[in-house]
Amino acid sequence: MNDVDDKLDELRKEESKGNRLDRDNPQSQPDLADAIEDSLDKVDQGEMSDTITAFDPTLAALLDALSEDDQEIETVYDNLREAYDGNSGVDRKSKSGIIRLAIRVGLQEGSEDTIESLGEAISRHETTTI
């Protein structure tokens, strides 16, 4: 009888962590949107940096040259904004704005599922529940 009680206790503990049917269903497993939403929460809480970095001397040179020419940076910025399908939230014609738009356009063109997961996570993150 002790084995049965132990097994029941174990099952109760598992059930208290969520619905077992949901846990066993591959459709309800955390996906990229869930991971992005968790990361957005970490950024909000100061547990994760909100800055990205990359080592690329060629792009660093390009961005530096663009920032020296107001007309050129504006043209690149406008082209990237037009290429991006959606509201990027980028409104500064700067090196940072170019980088942010270029990444978004690249993800949109090269990995549509990824950008859709990002949009879903942002939407869920911004929606408050009562």
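FYI, it's all coordinate maths here, none of it is from the lab. Remember, it's a predicted structure, so these values are computed and weren't measured experimentally. Note that each Cβ is placed from the backbone with ideal geometry, even for glycine, and that neighbours are counted across all protein chains shown.
Once you place label points 7 Å from the Cα toward the Cβ at residue 47 and residue 94, how far apart are they in nm?
The modelled label-to-label distance comes out at 2.8 nm.
Going through the range 44-83, which GluC sites (Glu not before Pro) have at most 12 other Cβ atoms within 10 Å and a DSSP loop state? Spell out each step's value before the answer.
On the way: sites: 47, 68, 72, 74, 82; in loops: 47.
Filter output for the range 44-83: 47.
Once the piece of chain linking residue 103 and residue 74 is laid out straight, how much longer is it, given 0.36 nm per residue of separation minus the C-alpha distance between them? Walk me through the intermediate numbers first.
Working: separation 29, 0.36 × 29 = 10.44 nm, distance 1.71 nm.
Working it through step by step, the gained length comes to 8.7 nm.
Can you compute 3J(HN,Hα) from phi for each residue in the range 96-101, using the Karplus curve 6.51 cos²θ - 1.76 cosθ + 1.60 with θ = phi - 60°, rounded to whole Hz and x for Gly and Pro?
After applying 6.51 cos²θ - 1.76 cosθ + 1.60, I find 4, x, 4, 4, 4, 5 Hz.
Can you list which of the chymotrypsin sites (Phe, Trp or Tyr not before Pro) found in the range 40-130 are DSSP loop residues with at most 12 other C-beta atoms within 10 Å?
Working: sites: 55, 77, 84; in loops: 55, 84.
Counting only loop positions with at most 12 other Cβ atoms within 10 Å, the chymotrypsin sites (Phe, Trp or Tyr not before Pro) in the range 40-130 are 55.
On a C-alpha basis, how far is the centre of the range 28-78 from the centre of the range 80-130 in Å? Whole number, if you could?
A separation of 10 Å, based on Cα centres.
Run the paramagnetic zone check for residue 123: 7 angstrom along Cα to Cβ, then residues of the range 55-93 with backbone nitrogen under 16 Å.
85-88
For the range 30-130, state which trypsin sites (Lys or Arg not before Pro) are in a DSSP loop and have at most 13 other beta carbons lying within 10 Å of their beta carbon. Could you put the intermediate results ahead of the total?
On the way: sites: 42, 81, 92, 93, 95, 100, 104, 124; in loops: 92, 93.
Sites meeting the loop and neighbour criteria: 92.
Run the numbers on the range 72-130 and let me know its relative contact order in percent, using alpha-carbon pairs under 8 Å that are six or more apart. Mind showing how you got there, number by number?
On the way: 31 pairs, mean separation 16.3, N = 59.
Normalised by residue count, the contact order of the range 72-130 is 28 percent.
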